[in-house]
Amino acid sequence: MMCFKVMKRLIRCSNTLVLLLAACHCVAADGYADVRAELVAAYQAQDYDAMILAAEKSLLARPEYPSALFNLALAFTLNGDNESSLRTLNRLLAKGVDYGADEMDEFAALRELTGWEDYLRGVEALYRPYGEVELALQSDRDRFVPEGIAISADGSFYLGSIRRGLLLRDDEVISDRQGHWSVFGMRFHDDGSLWFASAAVPQLEGVAEDNGKTGLFRLDVGSGAVTRAAILPQFEFEQVLGDLVIAGEKIYTTDSLTGAVYRYDIGEDAYTAIVERGELGSPQGLVLDATGDHLYVADYIGGLYRISLSDGATQKLRVPSGTTDYGIDGLYRHGNKLVAIQNGIRPHRVTAFELDDDGLSIRRGWTLVANLPEFDEPTLGVVRGDDLYFVANSHWNRFDRDNRLPEGLTGPIILKLSLLAE
């Protein structure tokens, strides 16, 4: 998925200009891109007063956005205001976010400040493994690049491959490229069939010239046959359905590249946009609320939103300052908590967000697990009872610029996380 997968890779790069440009590849839904262009231009012109102003404007467009805070910290230190730079880096640290400023030459002057050592200790603490999990499944399949996961009623695990386009049941291949492409999110229907999102992306091995082809597919898990191919009409040159949630005969799915959210009616075999293209930046995971009247959608670059299924009205959730709702890939619900897999910030983590009574505010957020040794870009998961099962090591971050993968990558690892722990 070009937008969010490329951005995930860029966000780790220590090159300053790349960090400044990292989010510019995506659809802009909130005016942030225009301000970001101002910021980059000011940086390139070495006009650091203008860069500070642009960074502050970007935070008005996207409040508390980690990349915008980092850019503000960078602008301050380039302008000689090192105290303000360190204060801004500490704002990021309070959210549990690091951009590697301690390794960047641009921040060298901060090393003379009294609070620098405290900051370094805070960064070090971020990268200590946190939380407890159990190993649920490990495969030896090299360079599989798992994304989606589902669990059947009998407890079997189903995994899909970005690299190979395969579907596995536990560690057995049950489907191999039956008119579909890379396998993204997947969910079981009440009738026992498995629905999955698929798209032609450059990371797919042997991909044909199918740019922009994407859709939802139904798999009969007994026979391993694809029994429905619901191809999304090609509204844009590049589009990727990345995740889905099922509500009876309706499937809701997100297009990570165009910013749209669609409803697919199984009986009518038709898509309807409930959020139009361009309204969101890069929507990823989605989950129904307790009433079934709303969707919660994670915009990778915009945070958490609630969407009314009756009229498509979109509302941004209010989030307390000590946490962040950006960089969310997988999104799930457990009671009144949203559970998020965050791989767009570092270190990677699984976070719980307690919803307020109105469903439009986050009362508090806390980390369940972070920076585990099994992690290599965790992606999607599935809630079963009081546990989250999730893909720990997708290896999305290991693709090079030519979409090649190195040798020796670990096979898919599925971890089990209790959602009862605080």
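Observations on the model:
- Subset tally (residues that are part of a loop (DSSP other than H, G, I, E, B) and crowded, with 16+ Cβ neighbours inside 10 Å) for the stretch 51-78: 3
- Selection status of Asn343, in contact with a strand residue (DSSP E or B) (Cβ under 7 Å, 6 or more places away or on another chain), within 22 Å of Leu244 (Cα to Cα), outside the structural domain of Glu64 (by TED's automatic domain parsing) and surrounded by fewer than 16 Cβ atoms within 10 Å (Cβ to Cβ): no
- Pairs meeting the criteria (first residue in the stretch 119-145 and in the same structural domain as His395 (by TED's automatic domain parsing) and loosely packed, with under 15 Cβ neighbours inside 10 Å, second residue part of a loop (DSSP other than H, G, I, E, B) and small (Gly, Ala, Ser), beta carbons under 6 Å, at least 6 apart or on different chains) are Asp140/Gly411.
- Criterion: among the hydroxyl-bearing types (Ser, Thr, Tyr), within 19 Å of Leu168 (Cα to Cα) and in contact with a strand residue (DSSP E or B) (Cβ under 6 Å, 6 or more places away or on another chain) - qualifying residue of Thr379, Thr367, Thr410: Thr379
- The residues listed here are Tyr332, Tyr305, Tyr296, Tyr326; of these, the one that is in contact with a Pro (Cβ under 9 Å, 6 or more places away or on another chain) and part of a strand (DSSP E or B) is Tyr305.
- All positions within the stretch 16-46 that are modelled with pLDDT of 90 or more and surrounded by fewer than 15 Cβ atoms within 10 Å (Cβ to Cβ): Ala41, Gln44, Ala45, Gln46
- Candidates Ser198, Ser152, filtered to the one that is surrounded by 18 or more Cβ atoms within 10 Å (Cβ to Cβ), hydroxyl-bearing (Ser, Thr, Tyr) and either closer than 27 Å to Gly267 by Cβ or in contact with a helix residue (DSSP H, G or I) (Cβ under 6 Å, 6 or more places away or on another chain) (or both): Ser198
- Total residues in the stretch 276-293, condition crowded, with 20+ Cβ neighbours inside 10 Å, assigned to a loop (DSSP other than H, G, I, E, B) and hydrophobic (A, V, I, L, M, F, W, C): 1
The values are calculated or read from the model by the stated rules, or taken from the named source; none is laboratory data. No experiment lies behind these values; they were computed from the predicted model shown. Neighbour counts run over all protein chains shown; Cβ positions are idealised from the backbone, glycine included.
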